[in-house]
Every structure is written in C-alpha cells, then in structure tokens.
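Structure first, then comments.
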Amino acid sequence: MEQRVRAASPGPWFSLVAGRDLEAGMNCIELGCCSLMEVLGGTIADQDFIANAREDLPLLLREVRRLRAVIGRQVLPSESSHRVSLPEGTMERELKEGRAQISERGATPSYFNS
C-alpha cells in the first residue's frame, strides 16, 4: 500500500462534480495543479472515495504503525508471550487521542460514536 501511495500523483486531490462543485462541465478528480482524471463508469460516491483516498490512506497507514507500536509495548518478549498490565486508562487515552485526530479531519465514522 505504501508503495502505491508513493507512486501516485501528489495530493491533495479534489472530487469536482458538475452541479455540486462546478456550475457546468464534466465530473472529474483534480490531481494537484492542472491535471484532471475522469472516472468513467463509477458513481459520484466512487469518485469522492478515490479523491479522498489520496489523503486518507497515508493517514490510515500512519495510524496502523502507531497502533502497532502501542500493541508492541504491551507484549513481553518472552516465550509465553504474556501481556503486560498497562496503567489504568491507557487504552482509553489512546482511543480518545485517535478519535481526536480523526475528528480534526472532519470525518467521524459512526462506529466511533459507541
């Protein structure tokens, strides 16, 4: 995934939809400055997804690395792989920090509301 992110045109990308973002014209994705990509055969939701993935995927990969580091700190390097007891509230604090980072982007998935 990281190789595909590095190989893609730099962001941010913008989904431009006639009647929503433009008065007229074609639906397309703006790839940085002066470059457009037309999505054929997809829905507007597909186009929005593709455009947002350019910024969302690197954020997701960073979060996976961060969570792997958190999980790695919980496991003892022993044959039995017993888990270390974390101080009270550690996991809740980590979850709250992750929610705050996602909220800063303006996208709060419904499963975070539980």
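The values are calculated or read from the model by the stated rules, or taken from the named source; none is laboratory data. Quick caveat: nothing in here was measured; it's all calculated off a predicted structure. All Cβ positions, even for glycine, are placed from backbone atoms using ideal geometry, and neighbour counts span all protein chains on display.
A few points about this structure:
- Filtered by the rule that a residue be over 23 Å from the mean Cα position of the chain (by Cα), loosely packed, with under 13 Cβ neighbours inside 10 Å and at negative phi, segment 12-34 gives Arg20, Leu22, Glu23, Ala24, Met26.
- Residues located in segment 38-55, provided they are hydrophobic (A, V, I, L, M, F, W, C) and surrounded by 14 or more Cβ atoms within 10 Å (Cβ to Cβ): Val39, Ile44, Phe49, Ile50, Ala51, Ala53
- Ala8 being under 28 Å from Arg99 (Cα atoms) and either exposed (fewer than 15 other Cβ atoms within 10 Å of the Cβ) or of a type outside the set (A, V, I, L, M) (or both): yes
- The one condition in (1) over 16 Å from the mean Cα position of the chain (by Cα); (2) closer than 30 Å to Leu95 by Cβ that Ala7 fails to fulfil: (2)
- Scanning segment 3-22 for residues that are charged (D, E, K, R) and either within 17 Å of Arg62 (Cα to Cα) or at pLDDT below 90 (or both) gives Arg4, Arg6.
- When segment 47-69 is limited to residues that are in contact with a strand residue (DSSP E or B) (Cβ under 7 Å, 6 or more places away or on another chain) and of a type in the set (D, E, K, R), the one that is farthest from Arg4 (Cα to Cα) turns out to be Asp48.
- Per the conditions (1) of a type outside the set (Gly, Ala, Ser); (2) in contact with a Lys or Arg (Cβ under 9 Å, 6 or more places away or on another chain); (3) over 25 Å from Arg99 (Cα atoms), the sole criterion not satisfied by Trp13 is (3).
- Members of segment 66-95 found to be modelled with pLDDT under 65, surrounded by 10 or more Cβ atoms within 10 Å (Cβ to Cβ) and hydrophobic (A, V, I, L, M, F, W, C), listed by number: Val75, Leu76, Leu86
- Only residues that are under 21 Å from Ser9 (Cα atoms) and out of contact with any strand residue (DSSP E or B) (no Cβ under 9 Å at 6 or more places or on another chain) were counted across segment 20-34, and they come to 2.
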